[in-house]
Amino acid sequence: MEAQDAFMIVPQPFQYQGSKRALAPMILRFLPAKFQRLVEPFAGSAAMTIACAGRGRASRFWVNDLNKPLAELLNLIVNRPEELADEYAKLWKGEAAEAIEQFYTVRETFNRTQDPKLFLYLLARCIKGAVRYNADGLFNQSPDKRRLGTRPDTMRQSIIAASMLLRGKTIATSHDFRDVLAAVEKNDVVYMDPPYQGTSGDRDSRYLAGLSFDDFVTALDGLNSRGLRYAISYDGRTGEKRYGEPLPAYLNLSHLELEAGRSTQATLLGRDDQTIESLYLSPALASDIGVLPKVTRHHAGQAILV
Ligand SMILES: C[S@@+](CC[C@H](N)C(=O)[O-])C[C@H]1O[C@@H](n2cnc3c(N)ncnc32)[C@H](O)[C@@H]1O
């Protein structure tokens, strides 16, 4: 970890499954020192964007997510932080039984209205920030019965801090990732963290939308032919168990393995399995930052060739 990261407090208004908050400092080592705009087509909680803005690495940001209330929530955090914090304070309940009842009421209203302010409350209150959707696209995750969710004053501070980093520099949209990639420009750096690929054919209840492997590969090929700089968090492994279909060699990506720590499962079983997350760099990005196209593993600042 770089010295500046140890002292950096990066605001994260809501928890989100697959959030790259913890890994962001390591991923940022493989982006150029300074660049004009970071584009996140699969933004989720926008952890990379916030980390990048906090370190002054880019001057403009484009966050996008196909999940519309999520994209609208990001927009509210950036542009209407006080209003959002006020609404959260109104919804939040400090007493356990009341909080559980409130969760189900808000969830029912959210499923009818898709109001992003209600979505913030659900994300703060649901189990591990792990959103779940049923086959009809309705939010069906349960409340965390042991915690009450972020307290309103902490939420306000965090939303305002994120807004201060991003306001006037950021656009938030809700398009399919391909529409975003079509509008990417030469000076941009794109960071992609697509949804986890389950067994092929399975609907992933963890996100509102999934994506097809072939569409993703075609889009990457298109970016390569335009000579664009991009990085992808794509697959990984825990111990010897791999997940994610391999990206084709003809894309000529540099593959880095980042040690993300011990998996919760391994810790429970008393094993020492490391979770390794892959990061792929496009040929243009690798040549810009000087990474050779071969597999390297990174841990606490050192690169080990494997
Ligand atoms: C792994 S999460 C991103 C997590 C994010 N890196 C963070 O730190 O919070 C993937 C996101 O992609 C979004 N998504 C799924 N399919 C998409 C598509 N076709 N276009 C754009 N976004 C999509 C999902 O809604 C989800 O929020």
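Please treat every number below as a calculation from the coordinates, not as lab data. Since the model is a prediction, treat every value here as computed from it, not as a measurement. For neighbour counting, all protein chains shown are included, and Cβ atoms are generated from backbone atoms with ideal geometry for every residue, glycine included.
Protection proxy ranking, highest mean first, for peptides 166-178, 32-44: 32-44, 166-178, where packing is the per-residue count of other beta-carbon atoms within 10 Å, averaged. Under the criterion of Cα pairs below 8 Å and six or more residues apart, the relative contact order for segment 31-82 equals 38 percent.
Compactness check for segment 67-142: Cα Rg over 2.2 N^0.38 Å is 1.06.
Comparing N140, S212, S233 along the charge dipole axis of segment 116-255, the residue lying farthest to the positive side is N140, per the Cβ-charge model. With contacts taken as Cα pairs under 8 Å at a separation of at least 6 residues, segment 75-157 carries a relative contact order of 33 percent. Normalised by the number of residues in segment 1-138, the mean separation of alpha-carbon contacts (under 8 Å, six or more apart) gives a relative contact order of 25 percent. How about K128: which lysines have a C-alpha closer than 17 Å to its C-alpha, ignoring those fewer than 8 places off in the same chain? Within the straight-line cut-off, K128 pairs with K20, K145. Counting neighbouring beta carbons within 10 Å and listing from fewest to most, the residues Y234, Y250, Y243 come out as Y250, Y243, Y234. Multiplying the residue separation of Q36 and E98 by 0.36 nm and subtracting their alpha-carbon distance yields 17.6 nm. In this entry, segment 27-76 is assigned a mean projected area of 3.3 nm², taken as a quarter of its C-alpha convex hull surface.
Counting only residues 5 or more places away or on other chains, whose amide H sits under 5 Å from the amide H of G236 once H atoms are built in the peptide plane? The answer is Y243, S278. For Y104, Y230, Y280, the sequence from fewest to most other C-beta atoms within 10 Å is Y104, Y280, Y230. The dipole here belongs to segment 1-122: it is taken about the Cα centre, uses +1 on the Cβ of Lys and Arg and -1 on the Cβ of Asp and Glu, and is about 660 debye. Binning the C-alpha pair distances of segment 1-120 at 10 Å intervals from 0 yields a P(r) profile of 12, 38, 31, 15, 4 %, listed from the shortest bin outward. With neighbours defined as other Cβ atoms within 10 Å of a residue's Cβ, the residues E245, E95 order from fewest to most as E95, E245. For segment 69-222, the square roots a ≥ b ≥ c of the C-alpha gyration tensor eigenvalues yield an a/c of 1.5 or more together with a/b not exceeding b/c, which makes the shape oblate.
For segment 93-199, the Cβ-based charge dipole about the Cα centre amounts to some 340 debye (Lys, Arg positive; Asp, Glu negative; other atoms uncharged).
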